[in-house]
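Shown next, in structure tokens, is the structure this report addresses.
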Amino acid sequence: MDNLKLKSESIKVYYKDFQALHGVYMNIQANRVTALIGPSGCGKSTFLRTINRLNELIAGTRTEGQIYLDDKPIYDKDLDVVELRKEIGMVFQKPSVFPMSIYENVAYGPRIHGIKKRSQLSEIVEKSLKAANLWNEVNDRLNSPAARLSGGQQQRLVIARVLAVEPQVILMDEPASALDPISTSRLEELISELKKHYTIVIVTHNMQQAARISDYTGFFLNGDLVEFNRTDELFVNPRDKRTEDYITGRFG
Amino acid sequence: MDKYAGNSLTAGALRYRSESPKKAGGWLGSGSRQMETGIEFLLKLSAFIGILAIILISLFIFAQGVPLIFKIGWLDFIFSLKWSPSQGSYGIGAMLVGTLVLTISSLAWAVPLGISTAVFMAEIAPARIGSILGRMIELLAGIPSVVFGFFGLIIVVPFIRNYLGGNGMSVLAGAIILGIMILPTIISISRDSILAVPKEYKEGSLALGATHMQSIKGVILPAAKSGIITAVILGMGRAIGETMAVVMVTGNSTMIPGSMLDPLRTMTSNIVLEMGYAAGDHQAALFATGAVLFVFIVILNLVVSLSIKEGKNYAE
């Protein structure tokens, strides 16, 4: 049984004069993987970044519409963005490990949210690294620089760092695009495990990946959500001609 | 053209003359080949002259100064507080302390102020204002030191004399002027290193629910650490080496200052004040002062390169 986690209503985003999204409606179900696909510049990453309000960092960006997390409107004047981002974690395209040790990377989030006790932090670090399938590879060198890990390990470390804050939703912006095939398949396995506890929204360029790991897929084109459906439906029986053209590789 | 394969500077510099360096010989005749050899020789010669000049000056300083250091005993030379050339006693202890005191007291206020300014310009001010401020700060770095010294002499020294006591020529006046002079170095290098922090770090931190200030303190400043340390050490190098402005506002007495309102003399001041009339051992003692300064700066540079290496360990 699916439960609604995020509901987007008429989301429009403008970068100065350019309109990047033309009113996106989408229902994102809890404990499911929702994939956003489409050609470069179609607005899928922009939409992802509206969910944790990260677009606001770019000067000249304006967002209209509303997104509800459960029933909370996240584009509310009184909403604390910091609290929102605690609930909605994000994994970026380029593994963005901080220039510090593996341990400190994971402990960073809990620390800024006020956990100071070393024993408690260590517990969170271990739990998060285990949940990100990284513990066995790094438990003997938690204090070495995170930058020495491989790309795939760095990406899982970033996921562990997100898990340490205990979010409800995890946003992933092309998390596998910088990884080799083996690291990618490990990451996909991890995503399938994570959806037991988290709601995942993933932007991907790779349609096979979307088909493999997601339950729902949204196809974006030129700032519009052209089609949104269960992944098995959308890939087998696309309703829109443009979706069909895209997934059969006629453009993009 | 194979012989130029390893010399990209020569090949690159001439590419505009000969569409493709591979063709240069055959295409434009042997004249161009000769010219290339000639330019390569000139480049080698310039490098040789530049490096030779530095080596000769260093050798000269040490050759002039070191015998005197050993004649007096290096411990005595460095730590003795008695500098009175007329009686043949050469101890630069007070000057060494003077340099240290002045450097530390100017860094003490210029470093926190400079880094905070850099953070403001790179992170908080809108990008356009940040870059306008940056250009102004760089302009400040171009003002000759004698102008700063003159400002100190006319404004800062009388202010201290009238409101804080003493005759105004003091550690405090020197620290204020020297601090202002090293601020541009600290600000612009710190700012550059903060701007060079990948935006993924900041976004990653904000996406975890950190505030802007938490992200600056927790991720951005640590990531920019090696650049900021470089900025501080370059500022320190400038503070140690600065002479003109310091001579003009610090009073130059050869005693260890007892308070911020007392005068002091730095090693550089010592050289510039006495070089006009020094001869024999006295002159050698000034060169020896220079040699000590030289070693000081070399140690500083070593610290810089080590700290940068340390930083890279984590970043790369």
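Points worth noting:
- Span from the region B:125-170 Cα centroid across to the region A:6-31 one, whole angstrom: 52 Å
- Shown here are the Rg and Dmax of the Cα trace of region A:174-219, at 10.2, 26 Å.
- Annotation note: trypsin sites (Lys or Arg not before Pro) in region A:45-86 located in DSSP loop regions with a Cβ neighbour count of at most 16 within 10 Å are A:Lys77.
- Quarter of the Cα convex hull surface for region B:85-165, i.e. its orientation-mean projected area (nm²): 8.5 nm²
- Once the Cα atoms are used to define both axes, helix A:181-194 deviates from the longest principal axis of chain A by about 90 degrees.
- For region A:49-56, putting each phi into the Karplus relation 6.51 cos²θ - 1.76 cosθ + 1.60 with θ = phi - 60° gives couplings of 6, 6, 6, 10, 6, 7, 4, 5 Hz, in residue order, rounded to whole numbers and with x for Gly and Pro.
- The lysines whose alpha-carbon is closer than 28 Å to the alpha-carbon of A:Lys72, local same-chain residues fewer than 8 away aside, are A:Lys5, A:Lys7, A:Lys12, A:Lys16, A:Lys44, A:Lys86, A:Lys195, A:Lys196, B:Lys202.
- Shielding by other protein chains, A:35-48, mean Cβ within 10 Å: 0
- Modelled this way, with points 7 Å down the Cα-to-C-beta line, the labels at A:Val82 and A:Glu193 are 3.3 nm from one another.
- Packing, as the average of other Cβ atoms within 10 Å across residues, places the peptides A:140-152, A:166-178 in the order A:166-178, A:140-152, highest first.
- For chain B, with +1 on Lys and Arg beta carbons and -1 on Asp and Glu, the positive-most of B:Gly50, B:Val304, B:Thr266 along the dipole: B:Gly50
- Using the Stokes-Einstein relation with a Kirkwood hydrodynamic radius computed over Cα pairs, the translational diffusion coefficient of region A:1-70 at 25 °C and a viscosity of 0.890 mPa s comes to 194 µm²/s.
- Dipole check for the protein assembly as shown: with +1 at the C-beta of Lys and Arg, -1 at the C-beta of Asp and Glu, and the Cα centre as origin, the magnitude is about 600 Debye.
- Average partner coverage of B:220-229, which counts Cβ from other chains inside 10 Å: 1
- Dimensions of region A:4-247 based on its C-alpha atoms, expressed as ranges along the principal axes with the largest first, amount to 53, 42, 30 Å.
- Ignoring lysines fewer than eight residues from B:Lys309 along the same chain, the ones with Cα atoms less than 16 angstrom from its Cα are B:Lys225.
- Restricting the trypsin sites (Lys or Arg not before Pro) of region A:165-252 to loop positions (DSSP other than H, G, I, E, B) with no more than 16 neighbouring Cβ atoms within 10 Å leaves A:Lys196, A:Arg239, A:Arg250.
- Distribution of pairwise C-alpha distances over the protein assembly as shown, 20 Å bins, in %: 17, 34, 30, 17, 2, 0
- Karplus 3J(HN,Hα) series, Hz, for region B:262-270 with 6.51 cos²θ - 1.76 cosθ + 1.60 (x for Gly, Pro): 7, x, 8, 10, 9, 5, 5, 4, 4
- Summarising the label geometry, the points placed 7 Å from Cα in the beta-carbon direction at A:Gln19 and B:Leu75 lie 8.4 nm from one another.
- For region A:4-247, the Cβ-based charge dipole about the Cα centre amounts to some 600 debye (Lys, Arg positive; Asp, Glu negative; other atoms uncharged).
- Excluding exposed DSSP-loop chymotrypsin sites (Phe, Trp or Tyr not before Pro) (at most 14 other C-beta within 10 Å), longest clean stretch of chain B: B:17-276
- The angle between the Cα long axis of helix A:151-163 and the longest principal axis of the Cα atoms of chain A comes to about 90 degrees, rounded to the nearest 10.
- Residue (of B:Ala245, B:Tyr90, B:Ile256) at the positive-pole extreme of the protein assembly as shown, dipole from beta-carbon charges: B:Tyr90
- Pairwise centroid distance, computed over Cα atoms, of region A:173-252 with region B:201-226, Å: 31 Å
- Within 10 Å of the Cβ of each residue in A:147-159, the mean number of Cβ atoms contributed by other protein chains is 1.
- Computed helical MRE - 222 nm, chain A, DSSP H runs ≥ 4 contributing -39500 (n - 2.57), nearest 500: -10000 deg cm²/dmol
- Take the Cα of A:Leu4, step 7 Å toward its Cβ, do the same at A:Gln120, and the gap between the two points is 3.6 nm.
- Chain B: proportion of alpha-carbon pairs further apart than 28 angstrom, %: 58 percent
- Reach of A:Lys241 by Cα under 16 Å, taken over lysines that are not fewer than 8 positions away in the same chain: none
- The amide H of A:Val226, built 1.01 Å from its N in the peptide plane, has A:Phe219, A:Phe220, A:Leu221 as neighbours under 5 Å, considering only residues 5 or more places off or on other chains.
Just so you know, all these numbers are worked out from the coordinates, no wet-lab data involved. The model shown is predicted, which means the values in this text are computed figures rather than measured ones. For neighbour counting, all protein chains shown are included, and Cβ atoms are generated from backbone atoms with ideal geometry for every residue, glycine included.
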